[in-house]
Each structure stands twice: as C-alpha cells, then as structure tokens.
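Read the figures in this text as sums done on the coordinates, not as results from a lab. Please read these numbers as outputs of a predicted model, since none were measured by experiment. For neighbour counting, all protein chains shown are included, and Cβ atoms are generated from backbone atoms with ideal geometry for every residue, glycine included.
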Ligand SMILES: [Zn+2]
Ligand SMILES: [Zn+2]
C-alpha cells in the first residue's frame, strides 16, 4: 500500500478533490468514493468532521473488541499486581513481627545477663556445684584412704 496512491483507483492524487482517512491517513479521490465537492469542502474546513475509508470502517468493530480485551487484560494484570502487593505487605509485616520478637528476646537476654539476681543465682549455682564436686572427691579420697589402711592392716597381720 502506498499513501501517495488513491485507495480506490491506485492513481496519484493529481488536481482533483480528495479525502483523507482519519484513521490510516490514506487518501481517496472524492470522485472515486462518490463524495460531492461541497462535502469535501466541509471536511476540509471543519475540525470535527471525519472521513474513514472502507477498510478502517470495517476494522472499527475489531479495534473496539481489541481495545476492550486489552482493557480486561490490563484490569487482570492490575488485580494480580494488587494481590502480589498485598502478599508482599503481609510478608513484610510478618517479618516485622518476627524481628520484633527477636529484638524483645534479645532485650530480655540482655536484662537477664545484666541483672544482679541472675548473676547471683549463677554464682550460687557455681558455688554449690563446686561444693558438691569437692565433697564427692573428698568422700572418695576418704574411702580410698580407709581401703589402703585395711590393706595395710591385712599385710601387717600376715
Ligand atoms: Zn481514485
Ligand atoms: Zn483508512
């Protein structure tokens, strides 16, 4: 297709009146599409009157259909994006909650570590543990000492 040739007769524009399609911008001789000269003049002088070629007129409904399906696709994508955004916000707030819990646990641990009560208890635990261990060892040593004495007595008696 050539924009410099009439849609109807495929000849060049020449001197005669012609109309231009407002959609595809191809032209046609006014005579070729049976448009009276006064209508041509009206079309030329008015900014609101438009002429469409047969091809564009027949495509019209298709373009409408296409536009509406693009619109519904766009709505679909928009809805999906919104859902994704909601999910993202949920995940973010969940992460925020988890962080808050971790922070509060950290704080509690810090408080425990710095609290005198906890330190005191820890020291008591350490002391009592050491006490038990040393007592246990002492007991065993006494047992061993007694055992050795018995053995010595037995040897002496022999
Ligand atoms: Zn023509
Ligand atoms: Zn056209």
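Model label points for residue 133 and residue 89, set 7 angstrom from Cα along the Cα-to-Cβ axis, are 5.8 nm apart. A Cα-only calculation for segment 115-157 places Rg and Dmax at 18.5, 63 Å.
The angle between the Cα long axis of helix 116-157 and the longest principal axis of the Cα atoms of the chain comes to about 40 degrees, rounded to the nearest 10.
If the segment from residue 102 to residue 64 were pulled out straight at 0.36 nm per residue, it would be longer than the present Cα-Cα gap by 8.0 nm. Normalised by residue count, segment 64-132 yields a Cα convex hull volume of 72 Å³ per residue. Secondary-structure-derived ellipticity at 222 nm for the chain, considering helices only, amounts to -26000 deg cm²/dmol, per-run term -39500 (n - 2.57) for DSSP H runs with n ≥ 4. Diffusion coefficient of the chain by Stokes-Einstein, Kirkwood radius over Cα pairs, 10 °C, 1.306 mPa s: 60 µm²/s. Would segment 1-66 count as rounded, prolate or oblate if I go by the C-alpha gyration tensor, calling it rounded below 1.5 in a/c and otherwise prolate when a/b exceeds b/c, oblate otherwise? Oblate shape, in that a/c is at least 1.5 and b/c is the bigger or equal ratio.
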